[in-house]
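Before any comments, here is the structure.
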Amino acid sequence: MKPEPTLSHSYSDPHPYPAGVAWQDGQYIPVSEAKISVLDYGFLHSDATYDTVHVWDGAFFRLDAHIERFLAGVERLRMTLPVSAGEIREILHGCVALSGHRRAYVEMICTRGAAPYFSRDPRAAVNRFLAFAVPYGSVASDEQMRRGLHVSVTDVTRIPPGSVDPRIKNYHWLDLIGGLFEAYDRGGETALLLDGAGNIAEGPGFNVFSVRGGALLTPAAGVLRGITRRTVMEICHELGLHVDEGAVSPEALRGSDEVFITSTAGGIMPVTRIDRHDVNDGEVGPITETIRRTYWQWHTDPRFIEEVSYPSPQA
Ligand code: PLP
């Protein structure tokens with residue numbers, strides 16, 4: 001006979017987590033204890049939006065822009081946040097300060113929540129907000145940053161904008177994850193996905209830029225409007241470099257002088273090989289280097305940063 005199932009009251013989570021602090025239901029808690037219900041539509045249907053901002057050397061970078069994009073996503077999904085924009089800012093500062101991380105990856109999340117009696121009507125759900133800060137992480141390793149990433153252009157099509165509005169930062173990642181596995185099978189380190197017309201869209205957590213003849217081009221449609229992408233455009237404006245949004249075919253990308261990808265998780269990351277072929281001479285290009293340098297210089301520019309007040313160490 002099978003033993004009767006019993007409820008374990010001494011359950012301890014066997015999974016390792018990075019050290020960090022989360023905020024949930026009015027409390028700061030260790031990130032390992034932050035939970036959403038299995039009945040939350042955020043989990044069951046990916047019915048959620050989020051944003052990720054980073055803290056670099058004790059200061060948030062472009063926090064306003066990240067909160068603004070998050071609030072726009074919440075509104076487009078017809079969700080109602082249980083906290084104000086001011087409270088979000090305070091909560092994110094609190095998570096980072098309590099975590100002690102001077103370089104942090106910070107997420108704010110709104111899920112549809114669960115509906116009483118498991119109603120199928122999303123309007124019946126009570127929307128939830130949570131946030132957390134963990135150590136900073138990057139798409140590219142230190143070595144990849146130095147020598148450039150090796151990328152595969154996959155046959156996977158990014159979820160079309162007519163299905164999911166890509167301006168809303170979302171967890172619909174099965175296409176991106178499928179692309180990553182396809183890239184690994186082909187010897188790539190990360191993936192680029194196509195749009196419905198067969199042009200380059202974006203990759204798992206990043207936008208892409210092509211540099212040719214001193215001018216830059218980035219996909220116009222079907223992509224998240226990345227804050228790093230926007231920062232690159234502003235840097236180009238300041239440096240007097242021409243940048244366009246438009247269609248980028250895989251052939252055009254392969255024929256670029258330089259290619260780089262952009263993300264809050266890593267900043268400006270050079271790509272030196274596409275589908276086993278070197279981009280140009282296979283070296284990190286000078287325009288990529290200049291933009292990367294300026295991007296990190298902007299991390300000390302009062303126009304873009306907001307210092308975190310960490311608790312003073314106990315005597
Ligand atoms: N595209 C996708 C699908 C993303 O998830 C992300 C970030 O996570 C990006 C692009 C880059 O956006 P950002 O520069 O705001 O980090």
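The values are calculated or read from the model by the stated rules, or taken from the named source; none is laboratory data. What you see is a predicted model; the values in this text were computed from it and never measured. Note that we place each Cβ from the backbone using ideal geometry, even for glycine, and neighbour counts take in every protein chain shown.
If you go through the stretch 234-250 one residue at a time, do you hit one that is within 18 Å of residue 149 (Cα to Cα), outside any loop (DSSP other than H, G, I, E, B) and in the same structural domain as residue 202 (by TED's automatic domain parsing)? Yes, the conditions are met somewhere in the stretch 234-250. Among the residues making up the stretch 275-285, those that are buried (at least 17 other Cβ atoms within 10 Å of the Cβ) and out of contact with any Gly (no Cβ under 6 Å at 6 or more places or on another chain) are 275, 279, 285.
Of the residues 232, 211, the single one that is surrounded by 21 or more Cβ atoms within 10 Å (Cβ to Cβ), farther than 27 Å from residue 78 by Cβ, modelled with pLDDT of 95 or more and within 11 Å of the ligand (Cβ to nearest atom) is 232. Residues in the stretch 191-206 that are surrounded by fewer than 23 Cβ atoms within 10 Å (Cβ to Cβ) and within 15 Å of the chain's Cα centre (by Cα) were compared, and the one that is nearest to the ligand (Cβ to nearest atom) is 205. Pairs linking a residue in the stretch 67-78 that is over 17 Å from residue 130 (Cα atoms) to a residue that is within 13 Å of the ligand (Cβ to nearest atom), with Cβ atoms under 6 Å and 6 or more positions apart or on different chains, are 76/168.
Condition first: surrounded by fewer than 18 Cβ atoms within 10 Å (Cβ to Cβ), of a type outside the set (Gly, Ala, Ser) and away from the ligand (no atom under 16 Å from the Cβ). Can you find one or more residues in the stretch 17-24 that meet it? There is at least one residue in the stretch 17-24 that is surrounded by fewer than 18 Cβ atoms within 10 Å (Cβ to Cβ), of a type outside the set (Gly, Ala, Ser) and away from the ligand (no atom under 16 Å from the Cβ).
Looking only at residues of the stretch 177-188 that are of a type in the set (A, V, I, L, M, F, W, C) and surrounded by fewer than 19 Cβ atoms within 10 Å (Cβ to Cβ), we find that the one that is nearest to the ligand (Cβ to nearest atom) is 177. From the list 294, 288, 272, the lone residue that is part of a strand (DSSP E or B), more than 15 Å from the ligand (Cβ to nearest atom) and surrounded by 14 or more Cβ atoms within 10 Å (Cβ to Cβ) is 272. Cβ-Cβ contacts under 6 Å between residues 6 or more apart (or on different chains), taken from a first residue in the stretch 220-232 that is in contact (Cβ under 8 Å) with a residue 12 or more places away in the chain to a second residue that is acidic (Asp, Glu) and more than 8 Å from the ligand (Cβ to nearest atom), are listed as 220/245; 222/195.
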